[in-house]
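What follows is one structure encoded as C-alpha cells, with my remarks underneath.
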Amino acid sequence: MPKRRTKRGADRTSITGDVDVLICGASFAGLAVARELAGTGARVLMVDRYEIGERQTSACGIPTEWLRAMGLMGSHRQTFGRLVVHTPYGTARLELPWTFSTFDYPELCSLLAEQSDAEFETAKVSGRSGNTVHTDRGDLTARVVVDALGWRRLLGSGYQPPDAPLSRGLEVHPWGAGEEMEIWIDRRYVPAGYGWSFPAGDELRIGVGSFDPRFHVKDTTVQLAEDLKREPVRYQGNWIPHRLRVATEDGVFFVGDSAGHCLPLTAEGIRTALYFGIACGRELRAVVDGQATIASALARYGDFSASHEWKFRAMLAAQRAVPRVPPRVLAGALRGMRTKGFVDWSFGHYLAIAPPEFATAAPRAPRRAALRAAA
Ligand SMILES: Cc1cc2nc3c(=O)[nH]c(=O)nc-3n(C[C@H](O)[C@H](O)[C@H](O)COP(=O)(O)OP(=O)(O)OC[C@H]3O[C@@H](n4cnc5c(N)ncnc54)[C@H](O)[C@@H]3O)c2cc1C
C-alpha cells in the first residue's frame, strides 16, 4: 500500500470558497489543464483525494516524444524501440518507427505540477450543483469547472461497472529488470484483451487488461507474473473507459478518462489525457485572458474532442475484432504485419491520433465569433 500522506484530522480544514477555475482530479488530465493556465493570473485550484503523484494508476508507458515535448524526461525510466507480441503460435517482434518509454509516476506528476502555478488541496469530491462542487472539506464554487476525475465521470452522467463500456486492468510491480516491452495476446490469460510486461528501470509492470469488464483479471495477472518467474507483489488496478464520451456537459469540461479519452484496443490513456488536457487548458486560457467566453470555450473544446470520434471508433472496432480472430490465424497475420512498411504506416497513424507536436504547437487563435462575444 502506498503511504497515505493526505491531510487528516485537524489539518483537514474547510476549503470553501470561490475560484476562477476548479480542476477536480490531479493526475495526467488535470495536471495538463493546470499547466496551460500557468501565468494567466487566474485563481486556479486543483483538488484530488490523494496528494499529487501519491496513487499510481497505470503501467506508465508513453511515446518518448511526449515526455520530451512536455519537458518530463526527468521522470523517464526505460526506452523501447520494438514491441514483442506473444501468441500461443509464435512471437512477432515489431520494430517501431518511434520509441515508447516507461516513466516514474510520482516524478512525472511532480514535474507537471511544477509547470503550473495552480493551488492544490486534498479533498474528496462527492458531487456538484451547478458550478458548486461538493467535497468532504466543503463546497467550492468556480466560474469554470473541470472534471478530470477519471472513469467515474463524477460531475456528469457517470458510469457504473460492469454494465458500462469499461475495460478492467490489474498489474503487479515486482522488483527486477527487463529489456523488452512485451505483450501477450493469449486466451490463457484473457479471452478478450492482452497481458503485458513493461520494464521500468529497477521494476517490472506486469499485468492483464480485459475488454470485457466481467472477466476478473486477478488470477491471470498472478499466472502471467509466475510464468515470467516474477513475484506477484505491489498490485494496482482500475477500470478503463473504452468509448469516447461528450467532452462537455451542463457547463462542465471533461478531460481524460472522464471523457473516455483512453484509446480502445491498446488502453493507452496517458498521452491522450495530456493531449486533451492541453486542448482544454488552451481554451480556458483564452477565457481567463478575456479573449473568449465560457460558452465558446465549451463549444470549441467539445467540437475538438468530437472531431476525434471516428479514430476512437476505428480503434474500438479493432478491439472487438482482434479477440474473434482464431489464435493460429492471428499468429500468421502478425508475422505478415512485421514488414517495415506496414509497421511504419500503422504505428505512424496510431501516434498521429494524439501527436507529440501538439504539446509544443502554438495555441489555436480564438474564433472571431468568440472574440466578438467577449468584447
Ligand atoms: C493497470 C493499468 C495500466 C495502464 N497502463 C497504461 C499505460 O502504460 N499507458 C497508458 O497510456 N495508459 C495506461 N492505462 C490507462 C491510464 O491509466 C488512464 O487512461 C489514465 O490514468 C487517465 O488519466 P486521467 O488523468 O484522466 O485519470 P486518472 O489517472 O484516473 O486520475 C483521476 C484522478 O482523480 C482522482 N479522483 C478520483 N475520484 C476522486 C474523488 N471523488 N475526489 C477527488 N479526487 C478523485 C484520483 O485520485 C486521480 O488522481 C492503464 C490503466 C490501468 C488500469
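The values are calculated or read from the model by the stated rules, or taken from the named source; none is laboratory data. These numbers come from a predicted model, not from an experiment. Please note: Cβ atoms are built from the backbone with ideal geometry, for glycine as well, and neighbour counts cover all protein chains shown. Calculation scope for accessible area: heavy atoms of the full protein, side chains included, ligands and nucleic acids excluded. Shrake-Rupley method; radii C 1.70, N 1.55, O 1.52, S 1.80 Å.
Below are the figures for this structure:
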| quantity | calculated |
| --- | --- |
| Flag for D163 being more than 14 Å from the ligand (Cβ to nearest atom), farther than 19 Å from H86 by Cβ and not in a strand (DSSP E or B) | yes |
| Unmet requirement for P106, which otherwise passes all of (1) within 14 Å of the ligand (Cβ to nearest atom); (2) under 26 Å from S305 (Cβ atoms) | (2) |
| Residue in segment 308-320 that is touching a strand residue (DSSP E or B) at 6+ places or on another chain (Cβ under 9 Å), away from the ligand (no atom under 16 Å from the Cβ) and farther than 27 Å from L67 by Cβ present | no |
| Options E231, E268, E283; residue that is among the acidic types (D, E), farther than 30 Å from R320 by Cβ and assigned to a loop (DSSP other than H, G, I, E, B) | E231 |
| Where R55 falls short, out of the listed (1) within 12 Å of the ligand (Cβ to nearest atom); (2) open to solvent by less than 30 Å² (accessible area, probe 1.4 Å); (3) modelled with pLDDT under 95 | (2) |
| Scan of segment 271-325 for residues that are β-branched (V, I, T) and within 23 Å of the chain's Cα centre (by Cα), ordered by number | T272, I278, V322 |
| Index of the failed condition, T13 passing every other in (1) more than 30 Å from L224 (Cβ to Cβ); (2) modelled with pLDDT of 95 or more; (3) surrounded by fewer than 21 Cβ atoms within 10 Å (Cβ to Cβ) | (2) |
| Single condition N238 does not satisfy, out of (1) assigned to a loop (DSSP other than H, G, I, E, B); (2) touching a Ser or Thr at 6+ places or on another chain (Cβ under 7 Å) | (1) |
| Hits in segment 229-267 - residues which are within 13 Å of the ligand (Cβ to nearest atom), more than 17 Å from M315 (Cα to Cα) and open to solvent by 40 Å² or more (accessible area, probe 1.4 Å) | R234, Y235, G237, N238, W239 |
| Subset of segment 98-116 (residues that are out of contact with any Leu (no Cβ under 8 Å at 6 or more places or on another chain) and either of a type outside the set (S, T, N, Q) or assigned to a strand (DSSP E or B) (or both)) | T99, T102, D104, Y105, P106, E107, E114 |
| Any hit, segment 63-80, residues being assigned to a loop (DSSP other than H, G, I, E, B), hydrophobic (A, V, I, L, M, F, W, C) and closer than 18 Å to L263 by Cα | no |
| Residues satisfying the stated conditions in segment 191-211, i.e. out of contact with any helix residue (DSSP H, G or I) (no Cβ under 6 Å at 6 or more places or on another chain), surrounded by 15 or more Cβ atoms within 10 Å (Cβ to Cβ) and on the phi < 0 side of the Ramachandran plot | Y194, W196, S197, F198, P199, A200, E203, L204, R205, G209, S210 |
| In segment 76-93, residue most open to solvent (accessible area, probe 1.4 Å) [restricted to those that are of a type outside the set (S, T, N, Q) and over 21 Å from R187 (Cβ atoms)] | R93 |
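One line per residue, one yes/no per condition, for (1) within 19 Å of the chain's Cα centre (by Cα); (2) open to solvent by less than 50 Å² (accessible area, probe 1.4 Å); (3) acidic (D, E); (4) within 10 Å of the ligand (Cβ to nearest atom):
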{"position": "A123", "(1), (2), (3), (4)": "no, yes, no, yes"}
{"position": "V133", "(1), (2), (3), (4)": "no, yes, no, yes"}
{"position": "R137", "(1), (2), (3), (4)": "no, yes, no, no"}
{"position": "A148", "(1), (2), (3), (4)": "yes, yes, no, yes"}
{"position": "Y159", "(1), (2), (3), (4)": "yes, yes, no, no"}
